[in-house]
Amino acid sequence: LYKSKRIKANFYNKDVLYSNNLVISYNKKGKIFFYSLNSNKIIFEYNFYKNKYRNFKKKLYLAIDQGKLIVADNLGYIYSLNINDKKLIWAKNYRISFRSNIKIQDEIIYLADQENKLYAIDSSNGLKLWDFLTDQSFLKGKFLNNISIDNFDKNIFYLNTQGRIYSVNYVSQNINWLLNLDNIYFTENPNIFSGQELVSHGTNLIVSTDKLVVNFNKFNGAKKWDIDLVSKIKPSISSDFLFIVSDRNFLNCIDINSGKILWSVKIFKNSKVNLDKIGNIKHLIIANSQIMLFSNKGFIAKYKPSNGELIEIVDLNTSFLGSYPIIVDGNLYITNNSKVFMYD
């Protein structure tokens, strides 16, 4: 990897999207930036918020749907912005803080609020189609409500902050099944879920808690297997293999069907790079037939998926990793608080 560009952009955090050669993100004031990869500059800035909200720190959740940017926030607003003409299409205030990722399917927006209520919202006008209240949470941990969608079977998988997983048919709005992970699957606090985002592949629904990694059958919620590992970051699936970075800094390759650990290697073992300088692993991406581990201090460790052999460690020459990495047309894009970085 070779660093090729560094552009001032004032991006804020890991919420970065890519659409039509645009990198889209926002800062803590709620200002959205459209950065053009063609012209290598910011071509548009937009701030939805008026002066009365200027002292509030904004947390935005972003998604793209057919040329529209959908934005929800911790103030209870959700709005739609046309990416091409940069005009506001609609805006609604639901008067409760949203607290989840956004999924869009068949022109319907799915997201959840801080009280663990799941919403279905018409993407054309922002009107609520239906909602579904799950387990109300009075204690708030770091975990955000997480939604995954299986568009083949028309099902939503919703993991809330209480550690309950709901499978809901988004056409009929009927519950297929419900799982309560309680103290069997997590231990730190029985009222606050601690873990990673859902990972879905085929019939597999991977749930990572602060105690175990569990594979459930998506169709009926039956447990296929569990394994005594704590996933430090969101796992990743490639073909029939699940890759996990454990809390003890091991990179593990697991057969997704059997739950058998095929290999496990200590991260950075035998590396000549100072481990304190590298920092902690924040993201795992599989690209170009390589496992790429990104550290918070701007390093990439690349491994062979077949046996976990370390290929190389690359210094990206950035003080820290601000965003989730994006790979587009053979280029890698990351951000920190003030710059966009592009690498070959």
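Within region 27-36, the residues that satisfy the criterion of being within 9 Å of Asn47 (Cβ to Cβ) and either open to solvent by 10 Å² or more (accessible area, probe 1.4 Å) or aromatic (Phe, Trp, Tyr) (or both) are Lys29, Lys31.
State yes or no: is Phe193 modelled with pLDDT of 90 or more and surrounded by 13 or more Cβ atoms within 10 Å (Cβ to Cβ)?
no
Assuming Asn217 fulfils every condition listed in (1) surrounded by fewer than 19 Cβ atoms within 10 Å (Cβ to Cβ); (2) at pLDDT below 95 apart from one, which condition is it? If we test Asn217 against (1) surrounded by fewer than 19 Cβ atoms within 10 Å (Cβ to Cβ); (2) at pLDDT below 95, just (2) comes out false.
Can you find even one residue in region 213-230 that is without any contact (Cβ under 8 Å) to a residue 40 or more places away in the chain and closer than 19 Å to Phe132 by Cα? No, that holds for no residue. Considered as a group, the residues in region 291-344 that are modelled with pLDDT of 80 or more, of a type in the set (S, T, N, Q) and not in a loop (DSSP other than H, G, I, E, B) include one that is most open to solvent (accessible area, probe 1.4 Å), and that residue is Asn331. For region 260-290, filtered to residues that are charged (D, E, K, R) and in a strand (DSSP E or B), the residue that is farthest from Phe241 (Cα to Cα) is Lys282. Tallying residues that are open to solvent by 40 Å² or more (accessible area, probe 1.4 Å), in contact (Cβ under 8 Å) with a residue 40 or more places away in the chain and not in a strand (DSSP E or B) within region 75-98 yields 1. Within region 125-144, being at pLDDT 95 or above and either closer than 25 Å to His201 by Cβ or in a loop (DSSP other than H, G, I, E, B) (or both) holds for Asn125, Gly126, Leu127.
The values are calculated or read from the model by the stated rules, or taken from the named source; none is laboratory data. Since the structure is predicted, the reported quantities are computational estimates derived from the model, not experimental observations. Don't worry about glycine lacking a Cβ; one is built from the backbone with ideal geometry, like all the others, and counts go over all protein chains shown. The accessibility values were calculated without ligands, DNA or RNA, using every heavy atom of the protein model including side chains. Shrake-Rupley method; radii C 1.70, N 1.55, O 1.52, S 1.80 Å.
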